[in-house]
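> Following this message is one structure expressed as structure tokens.
The values are calculated or read from the model by the stated rules, or taken from the named source; none is laboratory data. Predicted model, so just to flag it, every value in this text is computed and none were measured. When we count neighbours, we look across all protein chains shown, and the Cβ atoms used for this are built from the backbone with ideal geometry, even at glycine.
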Amino acid sequence: MEKDKALCIVKEKLPNKRYVHTLGVLETAVNLAQKYGVDQKKVELAAVFHDYAKFRPIDEMKQIVVNENMDDALLLYGEELLHGPVGAYLVKQEFGIKDEDILDAIRYHTTGRPNMTLLEKIIYIADYIEPNRSFKGVEEVRELAQQDIDAALITSISNTINFLMKKKQPVFPATLAAYNYLILKEE
Ligand SMILES: Nc1ncnc2c1ncn2[C@@H]1O[C@H](COP(=O)(O)OP(=O)(O)O)[C@@H](O)[C@H]1O
Ligand SMILES: [Fe+2]
């Protein structure tokens, strides 16, 4: 599918603010893909569709997790975790996007996981640092992303874990595993 067609599809599904966020992720991800040498077409589709399912009814997303035998843990760590895996499922079903690299980047964009592909890392980081984001610590990750994508990932994942812990919210195990994987690899 062409990027412009994908953009038309998500524009219909997302409120304007989320669509503008998606455009920011697209621009940032394409930039990182050029820097790190990742297929531009794959990065474009993964970026445009990453939040495709964000505004689906929670019950519908939970039903898909159950019916499609996805990881049960997705039902236990907060509703925010549903839209990645469900989005990957829906873009395959509805638009015939079968490229597993693209689907994985959509699937894991919220939680991360150990041993992420470069495409997954780029979507994760682009989601975190796109120009419309303005939270404490974002500038440091923007700078790291230009030097060392793994360093950017360690900082953003660690910020997210800290953020969840401060609010006494549960942390999805794959996110902790992603952090450990990156730290152990550094040594
Ligand atoms: N590892 C995690 N475990 C549990 N909840 C998480 C985790 N990572 C992110 N979240 C929740 O998901 C929200 C962000 O989802 P994400 O897909 O990264 O962003 P977006 O809002 O752009 O869709 C966070 O605000 C947080 O509440
Ligand atoms: Fe998201």
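> Could you list, in sequence order, all residues of the range 133-146 that are surrounded by fewer than 15 Cβ atoms within 10 Å (Cβ to Cβ) and under 29 Å from E100 (Cβ atoms)?
Residue satisfying the conditions is Q146 alone.
> Testing E44 on (1) free of Cβ contacts under 8 Å to residues at least 40 places away in the same chain; (2) surrounded by 12 or more Cβ atoms within 10 Å (Cβ to Cβ); (3) touching a Lys or Arg at 6+ places or on another chain (Cβ under 7 Å), one condition comes back false. Which one is that?
For E44, the failing item is (1).
> Every residue in the range 111-132 that is surrounded by fewer than 22 Cβ atoms within 10 Å (Cβ to Cβ), among the hydroxyl-bearing types (S, T, Y) and within 11 Å of ligand 1 (Cβ to nearest atom), please.
Hits for the range 111-132: nothing passes.
> Something else now. So L32 ticks every box in (1) of a type in the set (A, V, I, L, M); (2) without any contact (Cβ under 8 Å) to a residue 60 or more places away in the chain; (3) crowded, with 21+ Cβ neighbours inside 10 Å but one. Which box is left unticked?
(2)
> Which one is surrounded by the fewest Cβ atoms within 10 Å (Cβ to Cβ) among residues in the range 52-87 that are closer than 29 Å to K5 by Cβ and among the polar types (S, T, N, Q)?
Only one residue tops the list, namely N67.
> Scan (1) assigned to a helix (DSSP H, G or I); (2) within 20 Å of V25 (Cβ to Cβ) for the single condition N162 breaks and write down its number.
Checking N162 against (1) assigned to a helix (DSSP H, G or I); (2) within 20 Å of V25 (Cβ to Cβ), the one that fails is (2).
> Only helices (runs of 4 or more DSSP H) wholly contained in the range 1-71 count here; list those with 3 or more residues that are among the hydroxyl-bearing types (S, T, Y). Reasoning before the result, please.
Numbers: elements: 3-13, 16-36, 40-49, 58-67.
By residue number, 16-36.
> Is it the case that A73 is closer than 30 Å to E143 by Cβ, within 13 Å of ligand 1 (Cβ to nearest atom) and either at pLDDT 95 or above or acidic (D, E) (or both)? Don't jump to the end; show me each part of the working.
Numbers: closer than 30 Å to E143 by Cβ: no; within 13 Å of ligand 1 (Cβ to nearest atom): yes; either at pLDDT 95 or above or acidic (D, E) (or both): yes.
The answer is no for A73.
> Does the range 149-171 contain at least one residue that is charged (D, E, K, R) and touching a residue at least 60 places away in the same chain (Cβ under 8 Å)? First the steps, then the outcome.
Step one: filter the range 149-171 for residues charged (D, E, K, R), giving 150, 166-168.
Adding the requirement that they be touching a residue at least 60 places away in the same chain (Cβ under 8 Å) leaves none.
Looking through the range 149-171, none of the residues is charged (D, E, K, R) and touching a residue at least 60 places away in the same chain (Cβ under 8 Å).
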